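Okay, so here's the structure we're looking at.
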Amino acid sequence: MSTTHERIQELVSNNAVVLFMKGTPTFPQCGFSSAAAHILKLCGITGYASVNVLADDEIRQGIKEFSNWPTIPQLYIKGEFVGGSDILKEMYQSGELQKLLEGVQA
């Protein structure tokens, strides 16, 4: 059986875009997760992997240790941790997020 860290690593490695969030993109369970999903939608990214941390306590705790980032949501693009909703908002407003997502099929 794989460890939580291995499960997270597999998700991040096998998906171009992964959003660890509270709830789902369709039914987010917190404002920050809703904002992150909305920003991805504005960038034209809709087929990304989303992980509802409320459904899995091990992932909920493990993702914070994996990224060394204390809050959720967390976005990964091409295996790299990008940030939470505040960082995504700033990156979207500056155009940096769109550049990072260029060529990503999600």
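Values quoted throughout were computed directly from the atomic coordinates according to the rules given, and no laboratory measurement underlies them. Predicted model only: the values in this text are computed from it and were never measured. Note: ideal-geometry Cβ built from the backbone for every residue, glycine included; neighbour counts use all protein chains shown.
Remarks
- Degrees separating the helix 31-42 axis from the principal Cα axis of the chain, which is the longest one: 50 degrees
- Annotation: the antiparallel percentage among DSSP beta bridges lying fully within the chain is about 65.
- Set of lysines near K41 by C-alpha distance (under 23 Å), chain-local residues within fewer than 8 positions excluded: K22, K78, K89, K99
- Multiplying the residue separation of H38 and D57 by 0.36 nm and removing their Cα-Cα distance gives an extension gain of 4.4 nm.
- Highest average first, the peptides 84-90, 52-58 ordered by how many other beta carbon atoms sit within 10 Å of their residues are 84-90, 52-58.
- Theoretical gain in end-to-end length, Q93 to T71 [0.36 nm per residue, Cα-Cα removed]: 5.8 nm
- Overall size of region 4-101 from C-alpha positions, given as principal axis extents largest first: 33, 25, 24 Å.
- The chain, helix-only ellipticity at 222 nm - DSSP H runs n ≥ 4, -39,500 (n - 2.57), divided by all residues, nearest 500: -14000 deg cm²/dmol
- Along region 78-87 the Karplus relation, 6.51 cos²θ - 1.76 cosθ + 1.60 evaluated at θ = phi - 60°, assigns HN-Hα couplings of 6, x, 9, 5, 9, x, x, 5, 5, 5 Hz to successive residues, with x for each Gly and Pro.
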